[in-house]
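The values are calculated or read from the model by the stated rules, or taken from the named source; none is laboratory data. All values derive from a computational prediction rather than experimental measurement. Don't worry about glycine lacking a Cβ; one is built from the backbone with ideal geometry, like all the others, and counts go over all protein chains shown. Heavy atoms of the whole protein, side chains included, go into the accessibility calculation; ligands, DNA and RNA do not. Shrake-Rupley method; radii C 1.70, N 1.55, O 1.52, S 1.80 Å.
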Amino acid sequence: MTDTMTEKPDRRRGKGRGNSERSAEMRGELIAAGRRLFAQKGFADTSTPEIVTAAGVTRGALYHHFADKTALFAAVFEAESRAVAREIEDGSSEAPSARAALLAGARAYFAAMRAPGRCRILLVDGPAALGPREVMRLDALHAGRTLREGLAEALAQGDLRPLPLDALTGVLSAAFDRAALDIASGANEAGFLAVFAALVDGLLAPER
């Protein structure tokens, strides 16, 4: 009877799965464990032994996938940035006008940043652990990209006053991040949305 039974996969030894699948799963487990710990304790107070224990892997497995704790944090940071970008795109894709898209994007951004620990990872520990230049690079690939693309489209269509795209993106991105930090500390989100609505109205091109 035993020779006709299907052997169950052995998770520890990886039986029944390919190497690439096992590797991807282990990497995902490390990122998920790191995300939980970085959100709860912060980057500086999270140790690599804690990470491997939480992920249920060996220390060697951690260093097989990531050069060090900072490299793991960078992977967590990028995953969070990608999630924020996805939520912004989902929340603003059906907006009927440039004004509506920018305000819908603002609401989606604030909603995305309410995820537990996300402000800490992206806006507090990110610049300290990775450096401002790397944070800007990763943001430009994800959440920052969605803002820039939306502004570029609005400028190209003549919906906004003709302003430098890079400067406009940078100023609004910084304002969004500061607002998210304040909201995470208990500030009233509605007040920030009202301010952003006024800012957007000031950016709109005069009616033609």
Quiz prompt | Crossing angle, helix 165-184 versus the chain [Cα axis fit, 0-90 degrees, rounded to tens] | solution = 70
Quiz item: What does the charge add up to near R36, with Lys and Arg as +1, Asp and Glu as -1, over the other residues with Cβ less than 13 Å from its Cβ?
Solution: +1
Exercise. Take the chain, connect every pair of alpha-carbon atoms lying under 10 Å apart with a spring to form a Gaussian network, then pick out the residue of D139, D90, D45 with the largest mean-square fluctuation.
Key: D45
Self-check item: Sum of -39500 (n - 2.57) over DSSP H runs of 4+, divided by residues of the chain (222 nm, nearest 500)
Solution: -22000 deg cm²/dmol
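What FRET efficiency comes out for the pair S23/D201, r = Cβ-Cβ distance, R0 = 35 Å, nearest 0.05?
Working from the Cβ atoms, E equals 0.10.
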Practice problem: Can you send over the carbon and sulfur percentage of the accessible area for the stretch 131-188, probe radius 1.4 Å, protein chains only? | Solution: 58
Quiz item: If you project the alpha carbons of the chain onto their three principal axes, what span does each projection cover, largest first, in Å?
Solution: 80, 41, 28
Quiz item: If eta is 0.890 mPa s and T is 25 °C, what Stokes-Einstein diffusion coefficient results for the stretch 87-208, Kirkwood Rh from Cα pairs, in µm²/s?
Solution: 165
Quiz item: Can you give the accessible area per residue of the chain, in Å², using a 1.4 Å probe?
Solution: 57
Quiz item: If you place +1 on the Cβ of every Lys and Arg, -1 on the Cβ of every Asp and Glu, and leave all else neutral, what size is the dipole of the chain about its Cα centre, to the nearest 20 Debye?
Solution: 640
